[in-house]
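Notes follow once the structure below has been shown.
The values are calculated or read from the model by the stated rules, or taken from the named source; none is laboratory data. Fair warning: this is a prediction, and the values are worked out from it, not measured in the lab. Positions of Cβ are backbone-derived with ideal geometry, glycine not excepted, and every protein chain shown enters the neighbour counts.
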Ligand SMILES: NC(=O)c1ccc[n+]([C@@H]2O[C@H](COP(=O)([O-])OP(=O)(O)OC[C@H]3O[C@@H](n4cnc5c(N)ncnc54)[C@H](O)[C@@H]3O)[C@@H](O)[C@H]2O)c1
């Protein structure tokens, strides 16, 4: 059994509890320490609820990293974005492996520094780009790799949400407030919050490398400083093209991540709100609905399934799959497939390029 500490994820936090539940699903790691909040009393209250020893609940992440070094196998960083860089750094400095939520850092220089630190110290550094953990995303990836849709020509990926279609950040809403604050979020709102998932998912599924982009980032809600909607034109190393659309001002949308990939032999379509189904559209043949859990599913997708066919899976289990690969790596030293710090660096470079392109009238930029 591995032992881990959590930084962030305090009372009322959105995603920290999801990480804890996902980690408990595989029975691979126990939570033994935490600095869940900047407020020690709040951290203590949660620590008691979670059954932690009182002396393993810390006032600061730095203190946690210093005193837990050698006693834990990894730390999970699930704070608001501005605290990722200093907290991941404190852990790495103390020799602690880290799983951090996305977006990795505020700048690519910070992200590169952390990846170098991990490499020099031989530490494992992962990122929870959640959507890589879905079985049918795995199926899509394996079908593309074995050539089922032929050579990819066009990619269309969108991630619209509607929860910021009004200026929620002016109402005291905790998660909206820091996300809309340039100092805390890192210079983008919805690009870093949901656009980052698209950026990770497309190369993960297709194996293609993004080489050029042209971005237009907008603030659709009046008075908002940062982007809540954006469109990005893309080109890849193979010559394939694409278009990404992300939004948190798409009124009425909930969590509409959709990936559509078109090759010269067929197309694939996956929608996060119907995650157990993948639509395969071979050229000149009737479209087929591929369902999770069916015996003929490809091995990676099969390995990611928890429940029998027809019993829907989703977000929590996707986190659990990413953590399973991460914990397997820590336990066996084997190189297993989960999003890494290097992926996080690429993600921040992508965001920087989008911001620059948008500021320059949607100019085309090389990325790499
Ligand atoms: N992978 C996903 O699908 C996904 C989903 C939601 C959020 N996220 C990411 O998770 C992170 C957290 O988002 P959230 O919505 O849960 O935010 P949140 O505001 O709900 O929670 C953040 C928590 O971190 C704590 N915190 C902040 N700074 C701290 C510090 N220095 N030391 C200790 N605790 C500190 C806060 O007290 C709070 O408990 C963000 O980076 C976000 O982008 C990822």
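The set of residues in region 97-126 being within 16 Å of the ligand (Cβ to nearest atom) and part of a loop (DSSP other than H, G, I, E, B) consists of 102, 103, 104, 105, 106, 107.
Is it true that residue 278 is touching a residue at least 40 places away in the same chain (Cβ under 8 Å), outside any strand (DSSP E or B), touching a strand residue (DSSP E or B) at 6+ places or on another chain (Cβ under 8 Å) and farther than 30 Å from residue 179 by Cα? Criteria not met by residue 278.
Per the listing 366, 356, the residue uniquely without any contact (Cβ under 8 Å) to a residue 60 or more places away in the chain, surrounded by fewer than 15 Cβ atoms within 10 Å (Cβ to Cβ), outside the structural domain of residue 99 (by TED's automatic domain parsing) and in contact with a strand residue (DSSP E or B) (Cβ under 9 Å, 6 or more places away or on another chain) is 356.
Filter region 295-313 down to residues that are loosely packed, with under 14 Cβ neighbours inside 10 Å and either in a helix (DSSP H, G or I) or within 16 Å of the ligand (Cβ to nearest atom) (or both), then give me how many there are. So that I can check it myself, show each step before the final result.
From region 295-313, those loosely packed, with under 14 Cβ neighbours inside 10 Å are 295-296, 299, 303, 307-312; that's our starting set.
Add one more test, that the residue is either in a helix (DSSP H, G or I) or within 16 Å of the ligand (Cβ to nearest atom) (or both), and what stays is 299, 303.
Total satisfying the criteria: 2.
Kindly establish whether residue 81 is within 14 Å of the ligand (Cβ to nearest atom), within 16 Å of the chain's Cα centre (by Cα) and more than 22 Å from residue 304 (Cβ to Cβ). Yes: the conditions hold for residue 81. Candidates in region 212-223 are the residues that are surrounded by 16 or more Cβ atoms within 10 Å (Cβ to Cβ) and touching a residue at least 60 places away in the same chain (Cβ under 8 Å); of these, the one that is nearest to residue 177 (Cα to Cα) is 217.
Here is a list: 345, 336. Which entry is on the phi < 0 side of the Ramachandran plot and buried (at least 20 other Cβ atoms within 10 Å of the Cβ)?
Working: 336 fails: buried (at least 20 other Cβ atoms within 10 Å of the Cβ).
Just one listed residue meets the conditions, 345.
State whether one or more residues within region 88-96 are within 11 Å of the ligand (Cβ to nearest atom) and under 16 Å from residue 6 (Cβ atoms). Within region 88-96, one or more residues are within 11 Å of the ligand (Cβ to nearest atom) and under 16 Å from residue 6 (Cβ atoms).
Every residue in region 155-178 that is in contact (Cβ under 8 Å) with a residue 60 or more places away in the chain and either under 17 Å from the mean Cα position of the chain (by Cα) or farther than 30 Å from residue 263 by Cβ (or both), please. Don't jump to the end; show me each part of the working.
The first filter runs over region 155-178 and keeps only residues in contact (Cβ under 8 Å) with a residue 60 or more places away in the chain, leaving 155-165, 174-175, 178.
Selection gives 157, 158, 159, 160, 161, 162, 163, 164, 165, 174, 175, 178.
Residues in region 44-70 that are near the ligand (Cβ under 10 Å from one of its atoms), free of Cβ contacts under 8 Å to residues at least 40 places away in the same chain and closer than 18 Å to residue 84 by Cβ: 3 in all. Of all the criteria given as (1) surrounded by 19 or more Cβ atoms within 10 Å (Cβ to Cβ); (2) touching a helix residue (DSSP H, G or I) at 6+ places or on another chain (Cβ under 7 Å), the one not satisfied by residue 178 is (1).
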